[in-house]
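Worksheet for the structure shown next.
The values are calculated or read from the model by the stated rules, or taken from the named source; none is laboratory data. Values in this document were obtained by computation on a predicted structure and should not be read as measured data. Positions of Cβ are backbone-derived with ideal geometry, glycine not excepted, and every protein chain shown enters the neighbour counts.
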Amino acid sequence: MENSTHNPTLREQLDAVRPNSDDLREPEVQEAARAIVTSDEWKQVFGRQQAIDRNLVTAMQNVDVPVDLRSRLQQALASDRQSPTETATLTPEAQLTRRSWHRQLLTATAIVLAAGLGWLAWPHGPTTLTLEDVRESLPFDKGTIDTNTLALFDGSFDAPLPSHMWNNWQLQDAQGLDLDGDGTHDAAIYEFAYKSTHGYLVVLPTSRLSDPPDRTFFSTASISYMPVSNVTWTAPADELVYICFVDRGQLGTLSRVLTPPAA
């Protein structure tokens, strides 16, 4: 990545974007929003930063704050106070050490108190994702999902294939993806092939998405072309969302096979 006078500004804008938010629509970060679209390098930087932020939110929300923390901190500060006369007798080095200690104590206090409050600026409870979040979080490399980076699906939710035809196309056991950094899989990924068509079927609970699709059949699903051709649909009875990515072949080939016969 080339250094320029614009890079610090872009990075600061990206750092300010909260995970799972619509902050990129704000006018103050439009330069960063454009950079993500036009530069694969900035898009990767943004993805890494968002993953770090999600992990940090999870860690902060899991901290238990002692009930007597405030009184203990106040006592520590009070016992450390000295009279102006005492302070004046300290050497410059000692005064610097004392000021540094105060800064460290106040910083630690702010961090712990923020953790105890659940970091109010961030969403509480399970993180909800957008379909775009899911697409961007998948480990695509050269137009296909890099399965070497994935572990076997941990079974954290029931993730059946949509029909027996998909069972026949399945190439390997489901693999899992942790989207919010909490240590459990939020999505199951099946690799499949039908004749000359190859791709991946991603399954995740409807409850994890803030914008689940309203279509309920593959043949009527909305099509997206990033990062590769894909369609999304919902299985209301199972409360699941399916995303089918095709990296070889055509979505139309699958649509013709999966379309229910006319009555």
In the range 191-211, what count of residues is obtained for those that are free of Cβ contacts under 8 Å to residues at least 40 places away in the same chain and surrounded by fewer than 20 Cβ atoms within 10 Å (Cβ to Cβ)? 2
How many residues does the range 180-190 hold that are buried (at least 21 other Cβ atoms within 10 Å of the Cβ) and free of Cβ contacts under 8 Å to residues at least 60 places away in the same chain? 6
Filter result (of a type in the set (Asp, Glu), touching a Leu at 6+ places or on another chain (Cβ under 9 Å) and over 15 Å from Phe245 (Cα atoms)) within the range 174-192: Asp180, Asp186
Inspect all residues belonging to the range 159-177 and state whether any of them is under 23 Å from Pro19 (Cα atoms), assigned to a loop (DSSP other than H, G, I, E, B), in the same structural domain as Ser224 (by TED's automatic domain parsing) and not hydrophobic (A, V, I, L, M, F, W, C). no
Restricting attention to the range 227-263, and to residues there that are β-branched (Val, Ile, Thr) and assigned to a loop (DSSP other than H, G, I, E, B), which single residue is modelled with the lowest pLDDT? Thr259
Can you run down the residue pairs with Cβ atoms below 7 Å, 6 or more apart or on separate chains, where the first is in the range 234-263 and of a type in the set (Val, Ile, Thr) and the partner is in a helix (DSSP H, G or I) and modelled with pLDDT under 90? Thr259/Ser219
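Does Ile189 fit the bill of being touching a strand residue (DSSP E or B) at 6+ places or on another chain (Cβ under 6 Å), assigned to a strand (DSSP E or B) and closer than 17 Å to Thr147 by Cβ?
yes
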Tally the residues that are among the small types (Gly, Ala, Ser), modelled with pLDDT under 95 and under 17 Å from Thr253 (Cβ atoms), restricting the search to the range 158-195. 1
